[in-house]
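Chemist: Before we start, here is the structure in question, set down as structure tokens.
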Amino acid sequence: MKRTLRRSMMVMVVVVLIAGGAGYLSYRIVTEHNSWINMPYNNHILSEGGLTRAGSIMDRNGTVLARSVGGQRVYHEDENVRRALLHVVGDDSVNIGTSMQTLYRTKLTGYSFVWGLGLPTSLKSKSDIKLTVDADVCKKVYEAFNGQNGACIIYNYDTGEILCDVSTPAYDPNAPPTITEENEDKYEGVYVDNVVGSSYTPGSVFKLVTAAAALKYIDDIDTRQWYCEGVKNVGGTGKSAQVHCNDGYAHGTETLSDALGNSCNIVFAELADELGADKMTKVAEDMGINTNISIGDITVKKGHYDVKDADMNQLAWSGVGQFTDLVNPMQMAVICSAIANGGKPVMPRLIDSGSDLLSRVSIAIGGGKGKQMMDQTVAEKLGDMMRRNVTAFYGEGVFNSELEVAAKTGTGEIVLQGNGERTNRNNAWIVGYCKSTEHPYAFAVVVTNVDGYGATYAQPIASLALQACMDAEK
Ligand SMILES: [Zn+2]
């Protein structure tokens, strides 16, 4: 009797262990099937059973960018379209983390926890994603980069639709590179979508933040005048505390609007010191510099503004977009959307709400109103000053005048991270928006690691990209 009891007790223990183990496994499968499915040892789902049977990805005009034919993933026939949209669409690998084919791999393949890959065809057919981007526009912009590295983002600040989203360097998804020690420099950062995944020294485009702070906090800012002699000590004494304007060029008598047009370093350095660390930080944070915004399921890399341990000269340099300042291109386009929309941005989105995938699965597509970034009066004054930058300083001829472009250029001197030393290599920037109600585009362009200015390197790409968007919507 005792032995029987002991035996049944042991059987019970074994049963409990098996049941518990099975339960735990089921729990793990239910809660983690999405990450499990993307594990390298599940390659069959990624390759022959996966993307090769996945839904198509199309641009806003229905041009197919990626589809599955006869067990193969096939990309657009034009190599420069493939390269231009590499970071948005993705390739067969999962190396580009923010791409559609990585983010939505299991959803595109119709993989389901209940059905596995055997989802009924009727459901599986609803796996196509339609994007808001225009493939022809992206191709033209990719070609305009002409081998230089950087990013170009243009989106409609009324609807949130992203029209142009290009990150370079890129490769052909039909021939992904094998990265070795010899060629790793050439491919450095190639898996990162610079539009959403990189942050850079902003230089003078950060003057929009300093100007917003000045407009908010300084009562006589509209009537204030400065006199720029080209070089001045700000926040310290001696040569190391000198702030220079462009090669020591003296801008003379200036209002705030003139100083933004001239991109006068001295005025904005002095403004940052006058405002102080707390007010500068408050305005930078209200504008989202230190926040990760989201584009649907894509988390955008945040910028960096931190002056809590800065001395007065460093605070001065932070106001002209140097010191340790960093911004992301998408973030700058969203700030321009806020300026265009009375202080509250319409957020960007990459997925068309008519995508048939959305009838089967729920995913975050983004868009909609964002958080108030500045007061309406500040937004209006900033917008008018940015418009005057183009008409009175850059030249209306550099953009199609129908677009009524409002913009700010910048040349961020690349700072060596770690020791804070500035190099003689630059990030060339232009950010802005079109005041034209027919072409409501917000944009940001950065060309990295160049020996020259935003006006020389970034502005021509922005000009071409905006014209391409305009032509595409005719
Ligand atoms: Zn100056």
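Just so it is clear, none of the values below were taken in a lab; they were calculated from the coordinates. Worth saying up front: this structure is predicted, and the values here are computed from it rather than measured. All Cβ positions, glycine included, derive from the backbone under ideal geometry; neighbour counts span all protein chains shown.
Chemist: Tell me the Kirkwood hydrodynamic radius of the stretch 324-394 in angstroms, computed as one over the mean inverse distance between distinct C-alpha pairs. Walk me through the numbers on the way to the answer.
Modeler: On the way: mean 1/r = 0.0705 Å⁻¹.
Value: 14.2 Å, from the Cα pair sum.
Chemist: Return the distance in nm (one decimal) between the two label points of a simple spin-label model at residue 278 and residue 369, each offset 7 Å from Cα along Cα→Cβ.
Modeler: Placing both labels 7 Å beyond Cα along the Cβ direction yields 3.0 nm.
Chemist: Taking other Cβ within 10 Å of each residue's Cβ, how do 408, 232, 239 sort, fewest first?
Modeler: Numbers: 408 28, 232 18, 239 8.
By the 10 Å Cβ count, ascending, the order reads 239, 232, 408.
Chemist: Also, I was wondering about something else. Among 251, 244, 87, which comes first, second and so on when ranked by fewest other beta-carbon atoms within 10 Å?
Modeler: Working: 251 21, 244 13, 87 27.
Going from least to most buried by this count: 244, 251, 87.
Chemist: Tell me whether the stretch 69-112 comes out rounded, prolate or oblate; compute the Cα gyration tensor, take square roots of the eigenvalues as a ≥ b ≥ c, and use a/c under 1.5 as the rounded threshold. All intermediate terms of the calculation are to be shown ahead of the outcome.
Modeler: On the way: a/c = 2.61, a/b = 1.30, b/c = 2.00.
Oblate.
Chemist: When only alpha-carbon atoms are used, what values of Rg and Dmax, in angstrom, describe the chain?
Modeler: Looking at the chain, its Cα Rg and Dmax stand at 26.0, 106 Å.
Chemist: Using only the Cα atoms of the stretch 168-242, construct the convex hull and provide its projected area averaged over every direction, in square nanometres to one decimal. Intermediate values should be presented prior to the final figure.
Modeler: Working: hull surface 39.7 nm².
With the hull built on Cα positions only, its mean projection is 9.9 nm².
Chemist: With r as the distance between the Cβ atoms of residue 361 and residue 61 and R0 = 30 Å, compute the FRET efficiency 1/(1 + (r/R0)^6) and round to 0.05. Don't jump to the answer; show the numbers that get you there.
Modeler: Details: r = 24 Å, r/R0 = 0.80.
Here the calculated transfer efficiency is 0.80.
Chemist: Sticking with the crude label model, points 7 Å out along Cα→Cβ, report the distance from residue 8 to residue 255 in nm, one decimal please.
Modeler: 9.6
Chemist: Could you state, as a whole-number percent, how many of the C-alpha pairs of the stretch 296-343 are farther apart than 11 Å?
Modeler: Values: 807 of 1128 pairs.
Of all Cα-Cα distances in the stretch 296-343, 72 percent exceed 11 Å.
Chemist: For residue 107, which lysines qualify as cross-link partners when the Cα separation must be under 17 Å and same-chain residues fewer than eight apart are set aside?
Modeler: In chain and number order, the partners are 124, 126, 130.
Chemist: If you don't mind, another one. Round to the nearest 10 and give me the degree value, 0 to 90, for the angle of helix 376-388's Cα axis relative to the longest principal axis of the chain.
Modeler: 70
Chemist: By count of other Cβ within 10 Å, fewest leading, how are 192, 300 ordered? Each step should come with its number before you reach the end.
Modeler: Working: 192 19, 300 23.
Ordered by Cβ neighbours within 10 Å, fewest first: 192, 300.
Chemist: A follow-up question, please. Taking the Cα centre of the chain as the origin, how large is its charge dipole in debye, to the nearest 20, when only Lys and Arg (+1) and Asp and Glu (-1) carry charge on their Cβ atoms? Don't skip to the answer; put the middle values down first.
Modeler: On the way: 42 positive and 54 negative charges, 550 e Å.
About 2640 debye.
Chemist: Any idea what Rg and Dmax come out to for the stretch 115-260 if you just take the C-alpha atoms, in Å?
Modeler: Over the stretch 115-260's Cα set, Rg and Dmax evaluate to 24.1, 75 Å.
Chemist: Put a dot 7 Å past each Cα toward the Cβ at residue 183 and residue 451; how far apart are the dots in nm?
Modeler: Computed distance between label sites residue 451 and residue 183 equals 2.7 nm.
Chemist: Share of antiparallel DSSP beta bridges in the chain, in percent to the nearest 5? Spell out each step's value before the answer.
Modeler: Details: 49 of 52 bridges.
Within the chain, antiparallel bridges account for around 95 percent of the total.
Chemist: From the square roots a ≥ b ≥ c of the eigenvalues of the alpha-carbon gyration tensor of the stretch 360-460, which class results: rounded (a/c under 1.5), prolate (a/b over b/c), or oblate? Mind dumping the intermediate values first?
Modeler: Details: a/c = 1.79, a/b = 1.19, b/c = 1.51.
Judged from the Cα gyration tensor, the stretch 360-460 comes out oblate (a/c at least 1.5, b/c at or above a/b).
Chemist: So what are the radius of gyration and Dmax for the Cα set of the stretch 209-351, in Å?
Modeler: 16.1, 54
Chemist: For the charge dipole of the chain, defined by +1 on Lys and Arg C-beta atoms and -1 on Asp and Glu C-beta atoms about the Cα centroid, which residue among 214, 343, 446 has the Cα displaced farthest towards the positive pole?
Modeler: The residue sitting most towards the positive pole is 343.
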